[in-house]
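The values are calculated or read from the model by the stated rules, or taken from the named source; none is laboratory data. Quick caveat, the model's predicted, so the values are computed rather than measured. Virtual Cβ from ideal backbone geometry, glycine too; neighbours counted across all protein chains shown. The protein model used for the area step is the full one, side chains on, heavy atoms only, and it has no ligands, DNA or RNA in it. Shrake-Rupley method; radii C 1.70, N 1.55, O 1.52, S 1.80 Å.
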Amino acid sequence: MYFCRSNFIIMSQRIKIKALLESEQTDIQVLVKGWVRTFRNNQFIALNDGSTNGNLQVVVDFENTDPALLKRITTGAAISASGTLVASLGKGQKVELKASAIEVLGDCDPETYPIQPKKHSLEFLRENAHLRFRTNTFGAIFRVRNSLAFAIHQFFQERGFVYLHTPIITASDAEGAGETFHVTNFDLANPPKDDTGAVDFKEDFFGRPTNLTVSGQLEGELGAMALSDIYTFGPTFRAENSNTTRHLAEFWMIEPEMAFYDLNDNMDLAEALLKYVIKYALEKNVEDIEFLTQRLLDEEKQKPQQDRSEMTLIEKLQFCLNNDFERLTYTEAIDILKESTPNKKKKFQYPVEGWGTDLQSEHERYLVEKHFKKPVILTDYPKQIKAFYMRQNETDMNGNETVRAMDILFPGIGEIVGGSQREERLDKLEQRMDEMGIPKEELWWYLDTRRFGACPHAGFGLGFERLVLFVTGMGNIRDVIPFPRFPKNAEF
RNA sequence: UCCUGAGUAGCUCAGCCGGUUAGAGCAUCUGACUGUUAAUCAGAGGGUCGCUGGUUCGAGCCCAGCCUCAGGAGCCA
């Protein structure tokens, strides 16, 4: 960080390895600190400090170094090294540090340290999630995740959106977005009961049943009805017993809500956001994405030819930037699927027959990966399979009832964004809530926005981990969040 | 939750039809070498075969239940 143009370095200041590796200067005195990746030949330390995927080679003058100190330079040990940055005498790196002093800051017993200088499976590293940051793969993933998070804020801030913090604890379970985690202060072995023998939540902390939020959308809409454009970016919780590579019990979601937006504006914004943040990561995390691209190539070498992707990770990301997402209605998608080869040859597990049922993931995958071969935005889904707050379309000439919904489908991920134009007409909204059995009394505050100065508006939810999954090319969502929460697992 | 597969050394795995002392590679340790890049070479240590029960003269292997993991499905973001 203290890299001055004048070749002058403050020796007492530690320099991050990323800055050193990018440096054009040599023959300067520097101080570095980091963790040993490998120690080869009693001479060469591959040192990493997390600032970049690359290691700095620290060369030790082993003949003039205390053997007891050399023994303590083990994989995983934290060390401090100072010396001269010189052009490397060996191949494989431009510069290296000729060490004049080395201090072991934290020893690391190689007999018991789980991370060995060898390849580890992702499953093993998941069980050692507290240490997996120290691997190349997870270093790259979490630096990319960081960039994406920053880019999301930057995108919205540049457009005048207000970052709104919606509550984590809520009393409404009305949205029906999934099973909730209960929040209570009760002694679960002995909760207070009322006259009928039911648990008496009047005695609980909030005086009513509460749960962790499944979505900040409804509260987000309240903000949009005054601030015009808001976004949330926070954790959400679903107690679904989902055991897949695409679901977590705790995940982060970005939920913008925009007043005076219709569905087209909504789609434009979502597409622009995705392209913006992918572009940002591609530019900001060049080495990380190159590393992850190579990692994916190596992984795919183990698969049979037909299961390998046609594009590398970088190519996929660039392809995403350079092409408009395909936009079509649910009804058009059903027509395509009905006429598709796999449907005619009965290759689908769930044959596509009529209008009105939800698409299975095999159908979404066909549209995205085989038919269009690019991200797809599906709109105007049947009203019966979508949430109560979505704006109802006029019944079409075939008598089909649809809502102004949109889902963005990504290759390998499936649904990454789900959104809609919201129903701003009070009578329509109330009627739909009645039909779906949603308690209007509980959502009186939500309905107030339709009573007082209602206006057309829209919004969407973007699953952050699914985005990270796509940009890193990883296959399991549990590998793109630092400490995954899923059924039967809350370690760390 | 359902379907399929898996659980054997620190890690990744092999282990035949149920039969003597359970193997390999990597990692670790010891020694050699000393401009290495997954260093190399020689040697050594390392096991409650997921758990519980059952069948059998005998179980890593067969059976039942449970636990955990992976992949797929559903729910979804």
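Among the residues of segment A:338-353, how many are within 16 Å of RNA strand B (Cβ to nearest atom) and either part of a helix (DSSP H, G or I) or more than 13 Å from A:K370 (Cβ to Cβ) (or both)? Number satisfying all stated conditions: 7. Of the helices (runs of 4 or more DSSP H) lying entirely inside segment A:377-492, those carrying at least 1 residues that are within 16 Å of RNA strand B (Cβ to nearest atom) and farther than 21 Å from A:S228 by Cα are A:426-436, A:464-472. Restricting A:E287, A:E255, A:E315, A:E283 to residues that are in contact (Cβ under 8 Å) with a residue 40 or more places away in the chain and either under 20 Å from A:T137 (Cβ atoms) or open to solvent by 20 Å² or more (accessible area, probe 1.4 Å) (or both) narrows the list to A:E287. Taken over segment A:211-247, the residue count meeting the criterion of being of a type in the set (G, A, S) and open to solvent by 20 Å² or more (accessible area, probe 1.4 Å) is 4.
Answer with yes or no whether A:L125 is within 11 Å of RNA strand B (Cβ to nearest atom), open to solvent by less than 20 Å² (accessible area, probe 1.4 Å) and either at pLDDT 95 or above or in contact with a Phe, Trp or Tyr (Cβ under 6 Å, 6 or more places away or on another chain) (or both). Answer is yes for this residue.
Inspect all residues belonging to segment A:399-411 and state whether any of them is open to solvent by 10 Å² or more (accessible area, probe 1.4 Å) and over 30 Å from A:P342 (Cα atoms). Checking segment A:399-411: not a single residue is open to solvent by 10 Å² or more (accessible area, probe 1.4 Å) and over 30 Å from A:P342 (Cα atoms). In this structure, A:D324 does not satisfy being at pLDDT below 95 and open to solvent by 50 Å² or more (accessible area, probe 1.4 Å).
Across segment A:259-276, the qualifying residues are those that are surrounded by 20 or more Cβ atoms within 10 Å (Cβ to Cβ) and in contact with a helix residue (DSSP H, G or I) (Cβ under 6 Å, 6 or more places away or on another chain), and the one among them that is nearest to A:G461 (Cα to Cα) is A:L273. Entry remark, segment A:332-354: residues being in contact with a Pro (Cβ under 7 Å, 6 or more places away or on another chain) and touching a residue at least 40 places away in the same chain (Cβ under 8 Å) number 0 in total. Annotation for segment A:202-211: at least one member residue is closer than 29 Å to A:N266 by Cβ and under 27 Å from the mean Cα position of the chain (by Cα). Scanning segment A:244-301 for residues that are assigned to a loop (DSSP other than H, G, I, E, B) and either touching a strand residue (DSSP E or B) at 6+ places or on another chain (Cβ under 8 Å) or more than 22 Å from A:P484 (Cα to Cα) (or both) yields A:R246, A:H247, A:L248, A:A249, A:F260, A:Y261, A:D262, A:N285, A:K301.
The lone criterion from (1) farther than 19 Å from A:I477 by Cα; (2) among the charged types (D, E, K, R); (3) surrounded by 14 or more Cβ atoms within 10 Å (Cβ to Cβ) left unmet by A:E250 is number (1). Among the residues of segment A:98-134, those identified as under 17 Å from A:N53 (Cβ atoms) and in contact with a strand residue (DSSP E or B) (Cβ under 9 Å, 6 or more places away or on another chain) are A:P117, A:R134. The residues on offer are A:K33, A:K91, and the sole one that is basic (K, R), over 21 Å from A:N285 (Cα atoms) and near RNA strand B (Cβ under 8 Å from one of its atoms) is A:K91. Please work out if A:P110 is part of a loop (DSSP other than H, G, I, E, B), touching a residue at least 60 places away in the same chain (Cβ under 8 Å) and surrounded by fewer than 18 Cβ atoms within 10 Å (Cβ to Cβ). Here the answer is no, as A:P110 does not meet what is asked. Restricting segment A:173-197 to residues that are within 15 Å of RNA strand B (Cβ to nearest atom) and open to solvent by less than 60 Å² (accessible area, probe 1.4 Å) leaves a set whose member that is farthest from A:G50 (Cα to Cα) is A:A174. Could you tell me which residue of segment A:135-155 is nearest to the chain's Cα centre (by Cα), considering only residues that are over 30 Å from A:P117 (Cβ atoms) and surrounded by fewer than 21 Cβ atoms within 10 Å (Cβ to Cβ)? Selected residue: A:A149. Within segment A:132-151, identify whether any single residue is out of contact with any Gly (no Cβ under 7 Å at 6 or more places or on another chain) and on the phi > 0 side of the Ramachandran plot, and answer yes or no. No, that holds for no residue. Taken across segment A:220-235, residues that are of a type in the set (A, V, I, L, M), modelled with pLDDT of 95 or more and within 16 Å of RNA strand B (Cβ to nearest atom) do not occur at all. If you check A:V417, A:V352, A:V376 for being in contact with a His (Cβ under 7 Å, 6 or more places away or on another chain) and crowded, with 20+ Cβ neighbours inside 10 Å, only one passes: A:V352.
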